[in-house]
Amino acid sequence: MERVPYVVAGEFTIYQVAEQKAPLLAMAADADEPELDLGGVTEFDAAGMQLVLVAEQLARDAGKSLRLVAASPAVAEAFRVAGLDDRLPREVSA
């Protein structure tokens, strides 16, 4: 089965989280191997980070691991500042 990551592009801030919440959490809970692509995100704030972490926990609760396959510089910087850069794809966090 081909993996198709859930893609978020553009702004992923408090203003977009409400529209992303349901589909992102459904993907985290329902996909056999949940993957998230944040490579096209131009703005990322604490609300976006919180939703990603909730999705990660939801996947973990279902016995899976949410894989972050791409992260833009904005996402990488937010993860770094939060001390969570170990969760970034290797090619981004290096």
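The values are calculated or read from the model by the stated rules, or taken from the named source; none is laboratory data. Please read these numbers as outputs of a predicted model, since none were measured by experiment. Cβ sites come from the backbone with ideal geometry, for glycine too, and all protein chains shown count toward neighbours.
Some points to look at:
- Counting only residues that are without any contact (Cβ under 8 Å) to a residue 24 or more places away in the chain and out of contact with any helix residue (DSSP H, G or I) (no Cβ under 9 Å at 6 or more places or on another chain), region 61-76 holds 1 of them.
This table checks each residue for (1) in contact with a Lys or Arg (Cβ under 6 Å, 6 or more places away or on another chain); (2) of a type in the set (Gly, Ala, Ser); (3) farther than 16 Å from ALA78 by Cα.
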position	(1), (2), (3)
GLY10	no, yes, no
GLU19	no, no, yes
PRO23	no, no, yes
VAL41	no, no, no
ALA46	no, yes, no
GLN50	no, no, no
ALA59	no, yes, yes
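- Residues of region 44-64 that turn out to be more than 17 Å from VAL17 (Cα to Cα) and surrounded by 13 or more Cβ atoms within 10 Å (Cβ to Cβ), as a count: 3
- Set side by side, the residues ARG80, ARG67 differ, and just one is at pLDDT below 95, over 11 Å from the mean Cα position of the chain (by Cα) and not acidic (Asp, Glu), which is ARG80.
- Residue match in region 14-24 (condition: basic (Lys, Arg) and at pLDDT below 95): no
- Odd one out for VAL7 among (1) within 11 Å of the chain's Cα centre (by Cα); (2) under 19 Å from LEU84 (Cβ atoms); (3) exposed (fewer than 15 other Cβ atoms within 10 Å of the Cβ): (2)
- Any hit, region 36-43, residues being without any contact (Cβ under 8 Å) to a residue 24 or more places away in the chain and within 22 Å of ARG3 (Cα to Cα): no
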